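Below is one structure, written out as structure tokens, with a few remarks after it.
No value in this document is a laboratory result; all are computed from the given coordinates. Computed from a prediction, not measured in an experiment: that's the story for all the values here. Methodologically, a virtual Cβ is constructed for each residue, glycine included, from the backbone with ideal geometry; neighbour enumeration extends over all protein chains shown.
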Amino acid sequence: MAAKRHIHMADLFEILADAIPDRPALFTNEVEYTFAQLDERVTRLANHLRTMGIKRGDWVAIHSMNRHEWVESFYACVKLGAAPVNINFRYVESELRYVYENADCAAAIVSSDYSDVVRKIQKELPKLKSILVMGDEYEAAVAAASSERDFGERDPGDPYVIYTGGTTGMPKGVVWRNQDAVLGAMNASRFFQPLEYPEKVGEEALAAPMQLRLMALGPMMHGGGQWVMGNAYVSGQAFVLYTLPRFDANEVWKLASKAKANSVSTIGDAMGRPLAEDLLNPDTPKYDLSNLFSIGNGGAPLTLAVKNQIRQAMPNIMIMDSFGASETGAAAARMDQGEQSRDLKFEVGADCTVLDEDGNICPPGVVGKLARTGPIPLRYHKDEKKTADTFPTYNGVRYVIPGDFAMIEGNVITLLGRGSQCINSGGEKIFPEEVEAALKQHPAIFDAAVAGTPSERWGQQVTAMVQVRPGASVTEEEIRAHCREHIADYKVPKQVFIVPEIKRTPVGKVDYKWAVAEAASLVGA
């Protein structure tokens, strides 16, 4: 057995490539690679990056939609001890300039779709020395570089960084130690079991009765996709990545069938609903999904109405709710029990709890803030105040408190939503997510968003915007009557507006900036 080492993403990846070289490692809509093939491409790219001057501690932008080069670029950076920086390809020039500058990116690996804008802003970014464009230039660089692994001993403290979506301001870089990111975000497929030495992942992969194939649908520029990948490569599983430029439910099932996926990870109703409805539609092509046994969901709620559609389409499928954020890692999960509940509930784990404003654990039934301890990030990059607010220490224990309200009920934590969107109507706190879940149970409603708008009587009122299914019709009073059957009267929207589309963020969450502004406009506030 090789010498014991600290835990590092690159070491684990290489150990698996040596232990199970001929097993599948990556499936996309375009390519399939074994562990040996993928590791060789990653190694060659890492050696090329080194000739570009990239060294340990540097931050390197990955600026692309989902494609196999995203995976390769991520692990090539990690092999060098550099930090891959996730760039939101939807950003406009000013937002891109901010992230590249904030991250002090030394290089960028960019798809040809975005190379022009990166070269344009490079003139204002003196630290951005090199750009590698995916495509012919990238392939030539990989082919010409050495396939020798000669990267020296890895440091478990090498940086791993995720830039947040910037829903409450400009994006923030969440900085992890490499080892903590493995244990806190990429160890769920091993059920967070201790990893006493890195070679254990190879031993476990060889002893496993079967290799799973874990599929991610979300953009790799966000943590959820990276963590499905990381969980695959910390446990010897294959990673299946959807790489078409537009989300197409039938193409998802086509890839899942081709790759024989065992698990598909969705991001809320924006993905879950079309996936279920594609299977339920008798006119769409059908594919062999006999290997699929689990739908995992995180990032945005999978509401009861959509869960019921999934159960109808796939009666034997398991639905796994998970909670995580760039700041928390994979914090909590729970297998859906089939109960007809609108609330998101997660098992109480050793690292997760609910704290009051003074840092004390809340008694059962008392609302507080979700908190996690254990392997968590170091800081927000270049933001000491935000770091202090989000990563406080209470009674000698360091926590991350991302801002989600929750309460403990028995052996589960019920997640209530973000305080920033919480509506205060006559002193009652109303979480938009709960009202949205009730709205989407109406058969005529495809999607919904809820926001607080000014009210002379209540301070704020609940205002809903709904997207109606094609060919369906429904009145405001019918919607309000439906809501009264599912939520308390004070939570029922005072006004309901039918809109062409509910705007969502790239990770499938309701775009509450848009929702608040749109609701205010519709009510004439």
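Here are a few things to note about the model shown:
- With each label modelled as a point 7 angstrom along the Cα→C-beta vector, the ARG469-VAL92 pair spans 3.7 nm.
- Whole-Hz ³J(HN,Hα) from phi, Karplus 6.51 cos²θ - 1.76 cosθ + 1.60, for the stretch 468-477, glycine and proline x: 8, 4, x, x, 9, 9, 7, 9, 4, 5
- Backbone phi angles across the stretch 110-115, fed through the Karplus curve with coefficients 6.51, -1.76 and 1.60 (θ = phi - 60°), yield HN-Hα couplings of 10, 6, 4, 4, 10, 5 Hz in residue order; Gly and Pro are listed as x.
- Dipole moment magnitude, nearest 20 debye, the chain about Cα centre, only Lys, Arg, Asp, Glu C-beta charged: 440 debye
- Counting other Cβ atoms within 10 Å as a rough exposure proxy, the listed residues ASP489, ASP404, ASP113 run ASP489, ASP113, ASP404 from fewest neighbours to most.
- Whole-Hz Karplus values for the stretch 381-391 come out as 5, 6, 8, 5, 5, 4, 4, 5, 6, 8, 10 Hz, taken residue by residue from phi with 6.51 cos²θ - 1.76 cosθ + 1.60 and θ = phi - 60°; glycine and proline positions read x.
- Loop-located GluC sites (Glu not before Pro) across the stretch 305-395 with a Cβ neighbour count of 13 or fewer within 10 Å are GLU339, GLU357, with loop assigned by DSSP.
- Prolate/oblate/rounded label for the stretch 164-321 (Cα gyration tensor, a/c 1.5): oblate
- Only helices enter the 222 nm calculation for the chain: every DSSP H run of n ≥ 4 contributes -39,500 (n - 2.57), and dividing by all residues gives -9500 deg cm²/dmol, rounded to 500.
- Overall, the stretch 9-233 carries a charge dipole of about 620 debye about its Cα centre when +1 sits on the Cβ of Lys and Arg and -1 on the Cβ of Asp and Glu, all other atoms neutral.
- Farthest towards the positive end of the charge dipole of the chain, among the residues ILE15, ILE487, VAL516, is the Cα of VAL516, using unit charges on the Cβ of Lys, Arg, Asp and Glu.
- Stokes-Einstein D (µm²/s) once Rh is taken as the Kirkwood radius of the stretch 425-523 over alpha-carbon pairs, at 4 °C in 1.567 mPa s: 96 µm²/s
- Farthest toward positive dipole pole in the chain [+1 Lys/Arg, -1 Asp/Glu at C-beta], among ASN86, ASN250, ALA25: ASN86
- Applying a threshold of 26 Å to the alpha-carbon distances of LYS123/LYS386; LYS254/LYS345; LYS345/LYS509 flags LYS123/LYS386; LYS254/LYS345 as lying beyond it.
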